[in-house]
Amino acid sequence: MARIIQEHIAAHNEKFQRQVHQDYEALGWQLTRRGVDIDKVREQVAAFGVAIPSWGVGTGGTRFARFPGSGEPRHVFDKIEDCGVIQQLARATPTVSLHIPWDKCSDWSELRQAAAAQGLSFDAMNSNTFSDAKGQALSYKFGSLSHTDAATRAQAVEHNIECIEIGKKIGSKALTVWVGDGSNFPGQSHFRRAFDRYLDSSRQIYAALPGDWRMFLEHKIAEPAFYSTVIQDWGSSYLAATALGPQAQCLVDLGHHAPNVNIEMIVARLIAAGKLAGFHFNDSKYGDDDLDAGSVSPYRLFLVFNELVAAAHENVQGFQPAYMLDQSHNVTDPIESLMTSAAQVLRTYAQALLVDRAALDAAQEANDAMTASQLLKTAFQTDVTPLLQRVRQDAGGAVDPVACYRASGYRQQAAQERPAVQGGGGGIV
Ligand code: LRH
Ligand code: MN
Ligand code: MN
């Protein structure tokens, strides 16, 4: 299927040219008054990328129902095509994160080429031992890496090693491991033994990591286990990553914490410990809602980025987080949602770059809480839209990605070329 033709994007941008120019100039003057060089910020934002989760281009659904959209991807090649459109229009997502077995295919070098043709490469591999694959010998109903049965643990280890092997073929450099292991009843699980079993299994996966790979341990407070999970928070994640070694780090999915937890502070702690693997960006109101990034609490996302920009500003050694989206779409077109989230991530990064670091340091030293909080608010409340529009326009993307996408008719064309599928993997919340 043809991607959106570049002339369509050019014609779309043409309409905005004057406006973008004027607004960018005006923002430039505003920032100059604050001692900020807008072009420098623009360059940093243009160089920022966030990975698309392959499973995000399909309609997610909940455990109650899934309402498939039209033209849904049927397999990983269709997913790559959709990811190509997201990158073509929003220019913020040069990589894709695959999920195995959802994205299994018979020719990985063909997939790598198909991705490269869309200007895409691959970020972290994700293993799946939280559901049973078709034909799988042993069930993960009662856990995987921490299962009481050694053969089931071995099967889960083997699957993770297979993910590494696939990743090597497509140029990935990291394995993200999230397990649904845990318990639903007090007494069901021996907490310490389950954690030890998890560590023992993870050590075997770690031993199979190539030297230039990292292993990302993703914690989650609940779901599908609702009483306890084996890697429930950053504490357990940190203990495990430390026990495994320097290539293991802790991945923060913003939706995986108890309500009101201070996530930005967790981020700061992990940075200080050299253990921040990276992120699964999304937003939530109640739990692991997997809503679009910044759609509910944009200030919280900003506070996370404030820690990231501060760490980069202070040249914290070894600071190299991986940035990925992880979201699920029930009522929107996934392509529109992913473009919007990617743009929101870039917006938030730009806003965090506007924080006057020297003034913030001084306010903190002087215990001037009001000034400190206002410095953050000033940066957060700056409308950086013209800067984002310029970044997209300069890169050949669309000034207004969603409008351009809708006018392109891509989804309608996909609907004709891709017959509707029932269910389909990659739709978990
Ligand atoms: C678990 C999770 C994890 C999975 C993805 C589909 O809730 O965040 O990252 O791999 O969702
Ligand atoms: Mn996640
Ligand atoms: Mn999640």
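The values are calculated or read from the model by the stated rules, or taken from the named source; none is laboratory data. Everything quoted here is computed from the prediction, not taken from an experiment. When we count neighbours, we look across all protein chains shown, and the Cβ atoms used for this are built from the backbone with ideal geometry, even at glycine.
Things to note:
Results for (1) under 30 Å from ALA114 (Cβ atoms); (2) more than 16 Å from ligand 1 (Cβ to nearest atom); (3) in contact with a strand residue (DSSP E or B) (Cβ under 7 Å, 6 or more places away or on another chain), shown as yes or no for each residue.
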{"residue": "SER172", "(1), (2), (3)": "yes, no, yes"}
{"residue": "ASP196", "(1), (2), (3)": "no, yes, no"}
{"residue": "ALA225", "(1), (2), (3)": "no, no, yes"}
{"residue": "GLN232", "(1), (2), (3)": "no, no, no"}
{"residue": "HIS257", "(1), (2), (3)": "no, no, no"}
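- Residue match in region 320-334 (condition: out of contact with any Asp or Glu (no Cβ under 8 Å at 6 or more places or on another chain), closer than 30 Å to GLY69 by Cα and of a type in the set (Val, Ile, Thr)): yes
- Set PRO259, PRO186: member being free of Cβ contacts under 8 Å to residues at least 60 places away in the same chain, in contact with a Gly (Cβ under 9 Å, 6 or more places away or on another chain) and over 25 Å from SER97 (Cβ atoms): PRO259
- Top-ranked residue in region 137-151 [being touching a residue at least 12 places away in the same chain (Cβ under 8 Å) and surrounded by fewer than 14 Cβ atoms within 10 Å (Cβ to Cβ); ranked as nearest to LEU199 (Cα to Cα)]: THR148
- Residue check, ILE205 more than 22 Å from HIS256 (Cβ to Cβ), away from ligand 3 (no atom under 16 Å from the Cβ) and in contact (Cβ under 8 Å) with a residue 40 or more places away in the chain: no
- With respect to the conditions (1) hydrophobic (A, V, I, L, M, F, W, C); (2) within 15 Å of ligand 2 (Cβ to nearest atom); (3) more than 30 Å from VAL399 (Cβ to Cβ), PHE281 lacks only one, and its number is (3).
- Pairing each residue of region 156-181 that is closer than 16 Å to ASP132 by Cα with any residue that is among the hydroxyl-bearing types (Ser, Thr, Tyr) and away from ligand 1 (no atom under 13 Å from the Cβ), provided the two are 6+ apart or on different chains, yields C-beta distances under 6 Å for VAL157/SER201; ASP181/SER146.
- Count of residues meeting criterion [away from ligand 2 (no atom under 16 Å from the Cβ) and of a type in the set (Phe, Trp, Tyr)] in region 101-160: 4
- Subset of region 77-111 (residues that are among the hydroxyl-bearing types (Ser, Thr, Tyr) and either closer than 29 Å to GLN136 by Cα or surrounded by fewer than 24 Cβ atoms within 10 Å (Cβ to Cβ) (or both)): THR95, SER97, SER106, SER109
- In the set (1) within 16 Å of ligand 3 (Cβ to nearest atom); (2) part of a helix (DSSP H, G or I); (3) not charged (D, E, K, R), GLY235 fails one condition alone, (1).
- Single residue of region 246-265 satisfying the filter (of a type in the set (Val, Ile, Thr) and closer than 16 Å to THR229 by Cβ) that is farthest from ligand 2 (Cβ to nearest atom): VAL261
- Residue among SER202, SER228 that alone is crowded, with 21+ Cβ neighbours inside 10 Å and away from ligand 2 (no atom under 16 Å from the Cβ): SER202
- Verdict on GLN344 being surrounded by 22 or more Cβ atoms within 10 Å (Cβ to Cβ) and modelled with pLDDT of 95 or more: yes
- Residues (away from ligand 1 (no atom under 14 Å from the Cβ) and among the polar types (S, T, N, Q)) located in region 109-143: SER109, GLN113, GLN118, SER121, GLN136, SER139
- Qualifying residues in region 167-193 (those that are of a type in the set (A, V, I, L, M, F, W, C), part of a loop (DSSP other than H, G, I, E, B) and surrounded by fewer than 23 Cβ atoms within 10 Å (Cβ to Cβ)) - the one farthest from ligand 2 (Cβ to nearest atom): PHE185
- Wholly within region 1-70, helices (runs of 4 or more DSSP H) carrying at least 1 residues that are over 30 Å from GLN416 (Cβ atoms): 17-33, 38-46
- Criterion (over 22 Å from the mean Cα position of the chain (by Cα) and crowded, with 21+ Cβ neighbours inside 10 Å) met by exactly one of ILE52, ILE38, ILE5: ILE38
- Single residue of region 209-229 satisfying the filter (under 18 Å from PHE191 (Cβ atoms) and among the aromatic types (Phe, Trp, Tyr)) that is farthest from the chain's Cα centre (by Cα): TYR227
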